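Read through the structure below, which is laid out as structure tokens, and then see the notes.
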Amino acid sequence: MIIQPYSYENLKMFPFVAGFLENNTYLLADVSSGECVVIDPSYGFRDALKKIEDEKWMLKEVWLTHAHFDHTMLAYLANEMDPPVPIAMHPGDEALRVARGVAKNGNPGTHVDCPEPSIHLTDGMTLHVGSYQFIALHTPGHSAGGCCFYCRSAGWLFSGDLVFYESYGRTDLIGSSTEALFRSIHEKVLTLPDETIIFPGHNDFTSVEHERLFYSV
Ligand SMILES: [Fe+2]
């Protein structure tokens, strides 16, 4: 399912919502050059690839907010392309990736093989979608290597499972830390401009202004 696209100048963002956990996969495209990137190749990644093919865009990179299976479900499709599409992840989630994205010890549930990333994210690292600049923010807490992706010019933040609408990510999982999660939220998210739109890994979109009120109570 595709829901309403967002635009800033030539930068377009298409959210794809799919899967039993209702994951958000985000397709970002600079329509002037046709260069695009996908954030979290989850259950909606096939639909995003179809959109890229239909528009004759070029998928440059795949960025992972973190390595839980539901966010990397179809990452293998990027690796099967010719040439393979580079995958970006913070090394703090490498143990989680090798453990096939399983979030809990002894969990017999879903797991998935995610290809080895070739781009190692660091805090403050600059990334590009065509001529638009994004910054990787290392935001541990939900997972050790969790990252958000921030586009200052558009005022967009892709928050993975760190921040949700009036909520936040679980911290009862492998590599989680409640203390780190709230530090990440307060230091990396709530310091952004009020009007910043937050696009989380699941559920509804929100804004820094709205969440600042939520976290102040
Ligand atoms: Fe997660």
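The values are calculated or read from the model by the stated rules, or taken from the named source; none is laboratory data. Note that the structure is a prediction, hence the values are computed from the model and not measured. Heads up, the Cβs are rebuilt from the backbone with ideal geometry, glycines too, and the neighbour counts pull from every protein chain shown.
Residue count for segment 185-216, restricted to those that are among the hydroxyl-bearing types (Ser, Thr, Tyr), within 28 Å of Pro5 (Cβ to Cβ) and outside any strand (DSSP E or B): 2. Among the candidates Ile185, Ile198, the residue that is more than 14 Å from the ligand (Cβ to nearest atom), more than 13 Å from Gly146 (Cβ to Cβ) and within 18 Å of the chain's Cα centre (by Cα) is uniquely Ile198.
Across segment 34-49, a minimum of one residue is classified as crowded, with 20+ Cβ neighbours inside 10 Å and polar (S, T, N, Q).
Residue-level analysis places Ala154 among those that are more than 21 Å from Pro91 (Cα to Cα) and either at pLDDT 95 or above or crowded, with 22+ Cβ neighbours inside 10 Å (or both).
Screening Gly160, Gly146 for residues that are within 13 Å of the ligand (Cβ to nearest atom) and either free of Cβ contacts under 8 Å to residues at least 40 places away in the same chain or on the phi > 0 side of the Ramachandran plot (or both) leaves exactly one candidate, Gly160. For Leu21, the criteria (1) under 18 Å from Leu162 (Cβ atoms); (2) crowded, with 19+ Cβ neighbours inside 10 Å hold in every case but one, which is (2). Please determine, by comparing only the residues of segment 28-68 that are charged (D, E, K, R) and without any contact (Cβ under 8 Å) to a residue 40 or more places away in the chain, which one is farthest from the ligand (Cβ to nearest atom). Filtering segment 28-68 for residues that are charged (D, E, K, R) and without any contact (Cβ under 8 Å) to a residue 40 or more places away in the chain, the one farthest from the ligand (Cβ to nearest atom) comes out as Lys56.
Annotation note: of Lys60, Lys56, the sole residue that is more than 18 Å from Cys148 (Cα to Cα), at pLDDT 95 or above, in contact with a Cys (Cβ under 7 Å, 6 or more places away or on another chain) and of a type outside the set (S, T, N, Q) is Lys60. Residues satisfying the criterion are present in segment 63-74 (criterion: touching a strand residue (DSSP E or B) at 6+ places or on another chain (Cβ under 9 Å), in a helix (DSSP H, G or I) and surrounded by 23 or more Cβ atoms within 10 Å (Cβ to Cβ)).
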